[in-house]
Amino acid sequence: MNYHTLSDFRVAHQAALNDLLTQSIAALIKRSVITLARVAQDGTRVRAHAGLRSFRRRPTLEEALRIARHQVERTARQDGAALSRQAAAQARAAAEHVARVEEALAEMPAVEAAKERNHSKATPRVSTTDPEARKMKMTDGGYRPAYNVQFATDVDSRAIVGVAVTNVGSDQAEFVPMLDQVRERTGRVPTDVLVDGGFVMREGITAATAQGVTVYAPVRKPKTDRDPATTCRGDSPAVVAWRTRMATAEAKAIYKARAATAEWVNADTRTHRTLGPLLVRGLVKVHTWVLWVALAHNMMRALGIVPHQMT
């Protein structure tokens with residue numbers, strides 16, 4: 001047993017861990033701990049295992065790949081048996097560098113497409129350390145390589161019922177897929193869902209309402225003196241109902257549970273469940289790491305809420 005064995009174990013068996021999370025949720029539902037009466041969803045940006053200086057433009061990556069391949073070819077021409085340990089280590093490092101640069105170039109089209117969709121004038125860059133990481137705005141206002149970790153949390157139990165990891169800084173596209181995930185894990189959707197303004201899209205509200213979900217999310221304050229509850233052009237009946245609902249004192253009181261739930265879970269997983277700066281790279285490994293975090297969190301919630309049933 002050594003460090004590498006433990007490291008490999010932490011990021012292996014993603015499917016098994018995902019199934020185990022579903023089983024933990026089912027067990028808590030059976031004990032009436034998880035109710036799905038209300039679920040809060042939130043995203044938290046977690047620092048990736050990559051440096052800001054590792055991000056390169058396409059021409060720089062292409063030149064780096066040319067140099068790295070030349071180094072590998074030069075090493076390959078030497079007599080392998082005559083290589084010293086140091087030379088062999090340099091050969092392995094050169095081959096690994098080629099692989100990392102190739103992965104970065106493979107990610108470049110996705111980054112370029114995202115820049116084009118967002119009408120960004122910034123030059124597309126990809127990290128050679130973790131090509132799937134993206135620069136995101138963090139809570140302190142700065143931009144650093146990160147992943148967007150999404151948790152859906154049952155309000156009554158504060159147990160996690162959904163987990164997702166993306167390399168997109170925006171939360172808008174994560175709302176409906178999380179509802180689909182919760183339904184797949186539990187066989188039904190929550191009665192109510194509480195999300196912040198970053199998740200609000202009219203299409204998402206319409207889709208959630210069609211599944212029988214009541215959405216509680218803030219209505220963006222208009223730039224004019226118009227009443228936020230006023231119907232806008234293109235609003236579906238579901239969006240109209242949402243605008244009207246969020247103008248009531250009852251809805252505003254219900255929405256207050258979002259911060260007390262979602263932000264508490266984010267803080268707990270960071271403080272007590274190792275969801276700090278990541279030590280692994282790539283979406284698959286990061287997702288696997290987060291599944292471990294969610295399982296540990298749910299285990300502690302189970303022990304804290306129903307200790308007599310876990311003995």
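The values are calculated or read from the model by the stated rules, or taken from the named source; none is laboratory data. Everything numeric in this text was worked out from a predicted model, so none of it was measured. Virtual Cβ from ideal backbone geometry, glycine too; neighbours counted across all protein chains shown. Remember, those area values only see protein heavy atoms, side chains included, never the ligands or the DNA or RNA. Shrake-Rupley method; radii C 1.70, N 1.55, O 1.52, S 1.80 Å.
If only residues of the stretch 245-264 that are open to solvent by less than 90 Å² (accessible area, probe 1.4 Å) and assigned to a loop (DSSP other than H, G, I, E, B) are counted, the one that is nearest to residue 200 (Cα to Cα) is 247.
Here residue 242 qualifies as crowded, with 20+ Cβ neighbours inside 10 Å, at pLDDT 95 or above and either not acidic (Asp, Glu) or not in a helix (DSSP H, G or I) (or both). Among the residues making up the stretch 192-207, none is touching a Ser or Thr at 6+ places or on another chain (Cβ under 8 Å), open to solvent by less than 30 Å² (accessible area, probe 1.4 Å) and small (Gly, Ala, Ser). Of all residues in the stretch 265-289, those satisfying the criterion of being surrounded by 14 or more Cβ atoms within 10 Å (Cβ to Cβ), of a type outside the set (Ser, Thr, Tyr) and not in a loop (DSSP other than H, G, I, E, B) are 265, 266, 268, 270, 283, 285, 286, 287, 289. Put simply, of 149, 189 the only residue that is touching a Leu at 6+ places or on another chain (Cβ under 8 Å), of a type in the set (A, V, I, L, M) and either open to solvent by less than 10 Å² (accessible area, probe 1.4 Å) or assigned to a strand (DSSP E or B) (or both) is 149.
If we keep just the residues of the stretch 162-175 that are out of contact with any Leu (no Cβ under 7 Å at 6 or more places or on another chain) and open to solvent by less than 10 Å² (accessible area, probe 1.4 Å), which is farthest from residue 120 (Cα to Cα)? I'd like the intermediate steps shown before the answer.
Here is the first cut: in the stretch 162-175, the residues out of contact with any Leu (no Cβ under 7 Å at 6 or more places or on another chain) are 162, 164, 166, 168-175.
When the remaining residues are screened for being open to solvent by less than 10 Å² (accessible area, probe 1.4 Å), the result is 162, 175.
Numbers: 162: 31, 175: 24 Å.
Once the filter is applied, the top-ranked residue is 162.
Any idea which residue in the stretch 23-66 is surrounded by the fewest Cβ atoms within 10 Å (Cβ to Cβ), counting only those that are in a helix (DSSP H, G or I) and in contact with a Ser or Thr (Cβ under 8 Å, 6 or more places away or on another chain)? Restricting to residues being in a helix (DSSP H, G or I) and in contact with a Ser or Thr (Cβ under 8 Å, 6 or more places away or on another chain), the top hit is 26. With respect to the conditions (1) assigned to a loop (DSSP other than H, G, I, E, B); (2) of a type outside the set (Phe, Trp, Tyr); (3) within 21 Å of residue 204 (Cα to Cα); (4) in contact (Cβ under 8 Å) with a residue 40 or more places away in the chain, residue 230 falls short on a single one, namely (4). I'm trying to understand the selection: among the residues of the stretch 94-115, which are more than 19 Å from residue 60 (Cβ to Cβ) and surrounded by fewer than 13 Cβ atoms within 10 Å (Cβ to Cβ)? Selection gives 113 alone.
Considering the conditions (1) in a helix (DSSP H, G or I); (2) at pLDDT 95 or above; (3) open to solvent by less than 30 Å² (accessible area, probe 1.4 Å), residue 215 is excluded by exactly one of them, (1). Restricting attention to the stretch 176-186 and to residues that are surrounded by fewer than 23 Cβ atoms within 10 Å (Cβ to Cβ) and closer than 29 Å to residue 126 by Cα, the residue that is farthest from the chain's Cα centre (by Cα) turns out to be 176.
If we keep just the residues of the stretch 134-175 that are β-branched (Val, Ile, Thr) and at pLDDT below 95, which is nearest to the chain's Cα centre (by Cα)? Walk me through how you get there before you give the answer.
Of all residues in the stretch 134-175, those β-branched (Val, Ile, Thr) come to 139, 149, 153, 155, 160-161, 163, 165-166, 168.
Remaining after also requiring at pLDDT below 95: 139, 168.
Numbers: 139: 15, 168: 8 Å.
So the residue we want is 168.
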